[in-house]
Structure formats: structure tokens, C-alpha cells
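Quick notes on the structure that follows.
Each reported figure results from applying straightforward, stated rules to the coordinates on display, with no laboratory input. What you see is a predicted model, and the numbers here were worked out from it, not measured in a lab. In this analysis, Cβ positions are derived from the backbone assuming ideal geometry, glycine residues included, and neighbour counts consider all displayed protein chains.
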Amino acid sequence: MTRTDGRTSDSLRPMRFTRNFINSAAGAVLVEAGETRVLCTVSIVPGVPNWMRGKKEGWLTAEYAMLPGSVEGRKRREFPHKDGRSVEIQRLIGRALRAALDFRSFPDITLAVDCDVLQADGGTRCASITGAMIALEDALKKLDSEKQLVSWPLKDRVAAVSVGLVQDETLLDLDYSEDFAADVDMNVIGTASGKIIEVQGTAEGEPFSRDAFNQLLDLGMKGVRELTQMQEEVRTETVQA
């Protein structure tokens, strides 16, 4: 099939990461994946949840929200309670990023990750994880500069990407129109070293084969590898504080 933006089936959307997008958080990255835009921030908060006190470890928590103007027709603000989709996504973001950290390295400190969708065109949870990883590393550098780390906490880089089966073709990094038309929709979260953190896959209609699953997973891990390479390139850039 011909994709609306001219990409090949195994290509990522154009990606852009703007570090230090705001200066009020320890880490702040605007991630742009095609027309999807998410602001990912990481704040350093003294203390840990009650159930972690005395363990001499840190913690990471995550929140996710879609702002009212992120979709056509306005999305209602999520208060006093978040909708179920947002809760599920923020739990996913937290699980993904926690897999990259050694919590013994920053005892009694919580890293609070916030991912706010400014514009949605598919793949917002994946863009959130990938962008938040860069913001998280910037926040860790700040802790290191303030001599608040016992050791370097980052064990590996994490990225996420969507894949899908659309009109019998496997596609990487679906936009909204492709996601809407997909017979199978899958999110793949993995590490720079090639390990899998989480796979979320659903048949929207007919069940799909194990061979199709393997093809989608391989394509997703290819995307993860490319995204973590981008993260490494962004890490080496010099930005204004």
C-alpha cells in the first residue's frame, strides 16, 4: 500500500527531539513524531512513597494527559479523575522507564515524569516513552552535577514504537489513519541492547498468526533500535540550559 506521507512500510515518521524545551524542569523534551507532539518533563522530588521508606532506594512515577487542543473537537480536561486510557498509558510509561534504572543509585529521591500530548496523530504513548527517556537522562545528569547520585543509574536506553497489519501489510510507526484502519495494532517497548520490556498487541477483527506476530515484533524492534540510536545522537548534542 502507498502511505499517505510517502514512507516505506518499514520507515519511522520524521522524528525531532528538542531538549530543554522549558527550563523549569530538570529534564524537558518536546518530541515530534510526524504530526504527534508530546512535551515530556522530569522533575526531581525529595522523598519516596511511604511503602519505600527505609529501603535506601529511589523511585520513578509517571503521569500522562492529552491536552484539550490535542485532538479535533477538544478533549475534555481529565479532572478530578483521569480516564481509563490515560491511567493505563501512564502506568505503561512508568513500567518502561523503571526498567532502565538502578534505584539504589538515587536513594530517597522520586523522579516524576509528566507526558502531556499537545497534538495527537497516533503513537502518543510510544512518543511519550521515547521522549521521556531523553528527559530522564538530562534529569539524571542534573542529579549527578549536584552530587546526589551514589552511582550512575541508567542501565540501558528505552524506546517504544507502534507496528500494525494494515491491508495485509506490516507497517512501522502508524499514524492515526493507519492505526484506525489496522487489522492488528501492536506497541513494542524495548532497549538499546535489543531486550524486550513490553509488547501490547490486539487483533481488531480476525485473529492473527504466530508468523504475523513474529514479523510485527521484528519490525518493532528494528524501530526501537533506530529510535535508541537517535536518542544517543541527541544525547551528544550541546544545548542551551
The lysines whose Cα lies under 22 Å from the Cα of LYS155, excluding any fewer than 8 residues away in the same chain, are LYS55, LYS56, LYS141, LYS142, LYS147, LYS195, LYS222
Between the stretch 122-137 and the stretch 2-69, how many Å separate their Cα centres?
4
In which sequence would TYR176, TYR64 go, from the one with the fewest C-beta neighbours within 10 Å to the one with the most?
TYR176, TYR64
For helix 124-145, report the angle its Cα long axis makes with the longest principal axis of the Cα atoms of the chain; keep it between 0 and 90° and round to the nearest 10°.
20
Taking only Cα atoms and a 10 Å spring cutoff, compute GNM fluctuations for the chain and point out the largest among SER70, SER11, SER145.
SER145
How big is the C-alpha Rg of the stretch 77-224 next to the rule-of-thumb value 2.2 N^0.38 Å, as a ratio?
1.16
Nearest-ten-degree value, helix 210-235 long axis tilted from longest Cα axis of the chain:
40
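Roughly how large, in nm² to one decimal, is the mean projection of the convex hull of the alpha-carbon atoms in the stretch 16-137?
Values: hull surface 31.0 nm².
Mean shadow area of the hull around the Cα atoms is 7.8 nm².
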Normalised contact order of the chain, rounded percent, pairs of Cα under 8 Å and 6 or more residues apart:
21
Positive-end extreme of charge dipole, the chain - chosen from MET186, ILE129, MET52 (charges on Cβ)
MET52
Given the peptides 194-200, 184-190, arrange them by the average over their residues of other C-beta atoms within 10 Å, most packed first.
184-190, 194-200
If you line up the long axis of helix 84-98 against the longest principal axis of the chain, both from Cα atoms, how many degrees apart are they, to the nearest 10?
60
Identify, among LEU217, MET66, VAL113, the residue whose Cα sits farthest towards the positive end of the charge dipole of the chain, taking +1 on the Cβ of Lys and Arg and -1 on the Cβ of Asp and Glu, with the dipole about the Cα centre.
VAL113
Take the stretch 120-184, compute every pairwise Cα distance, and split them into 10 Å bins from 0; I just need the percent in each bin.
20, 33, 21, 16, 9, 1
With the chain treated as a Gaussian network of Cα nodes joined by springs under 10 Å, which of ASP168, ASP108, ASP183 yields the largest mean-square fluctuation?
ASP168
Over the chain, with a Gaussian network built from C-alpha contacts below 10 Å, which listed residue (PHE17, PHE79, PHE103) shows the highest mean-square fluctuation?
PHE79
So which trypsin sites (Lys or Arg not before Pro) in the stretch 77-154 pass both tests, a DSSP loop state and at most 12 other Cβ atoms within 10 Å of the Cβ?
ARG77, LYS147
